[in-house]
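Encoded as structure tokens, the structure appears first; notes follow it.
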Amino acid sequence: MASLFLASARPDSGAATRVFTPLTLIFTVAMPKNDSTRKLKESLWQLVAAIPPGQVATYGQLARLAGYPNHARYVGTTLNHLPKGTALCWFRVLRSSGELAFPPDSAQWKRQKGLLEAEGVIFKGMKVPLKQYQWQV
């Protein structure tokens with residue numbers, strides 16, 4: 001898989017940054033100083049970007065694929081801290097039950113559900129049937 005990350009530095013602050021370019025949106029993300037944390041975040045971003053339209057993955061599935069099987073909550077935290085307006089397909093990531101992580105009927109829940117339905121994902125009640133829509137890597 002081609003890398004989605006380009007290294008850059010801001011001369012005014014001296015802080016290391018990365019430029020993340022998913023699809024057409026470009027933004028700068030302050031990278032953690034811990035190298036293993038940086039690598040995990042980059043791996044997670046790449047995995048989320050690789051989920052095909054009309055398919056979903058679970059937080060735990062992405063953690064396992066990234067090599068950190070006990071870090072499902074960290075996947076959620078990483079996605080929660082994406083910059084506003086990101087083009088990364090965060091909405092394709094669900095709980096292991098097939099439920100959306102947002103409170104039902106909240107604005108965020110409705111937005112995520114709408115984005116998934118626009119890609120052809122059909123809900124059964126409040127859940128996405130993972131047997132039908134889960135990304136098979």
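Miscellaneous remarks
- Residue that is of a type outside the set (Asp, Glu) and touching a residue at least 40 places away in the same chain (Cβ under 8 Å), where the choices are Gln112, Gln108, Gln46, Gln132: Gln46
- Among (1) over 13 Å from Val128 (Cβ atoms); (2) buried (at least 18 other Cβ atoms within 10 Å of the Cβ); (3) small (Gly, Ala, Ser), the one test that Gly60 misses: (2)
- All positions within segment 84-112 that are under 22 Å from Arg73 (Cβ atoms), modelled with pLDDT of 95 or more and among the basic types (Lys, Arg): Arg92, Arg95, Arg111
- The residue of segment 115-137 that is farthest from Ala57 (Cα to Cα), among those that are touching a strand residue (DSSP E or B) at 6+ places or on another chain (Cβ under 9 Å) and not in a helix (DSSP H, G or I), is Met126.
- Residues (outside any loop (DSSP other than H, G, I, E, B) and either in contact with a Lys or Arg (Cβ under 6 Å, 6 or more places away or on another chain) or crowded, with 19+ Cβ neighbours inside 10 Å (or both)) located in segment 73-111: Val75, Thr78, Leu79, Phe91, Arg92, Val93, Leu94, Glu99
- Which numbered condition Arg64 fails, given (1) assigned to a helix (DSSP H, G or I); (2) under 12 Å from the mean Cα position of the chain (by Cα); (3) at pLDDT 95 or above: (2)
The values are calculated or read from the model by the stated rules, or taken from the named source; none is laboratory data. Model, not experiment: these values are computed from the prediction. For neighbour counting, all protein chains shown are included, and Cβ atoms are generated from backbone atoms with ideal geometry for every residue, glycine included.
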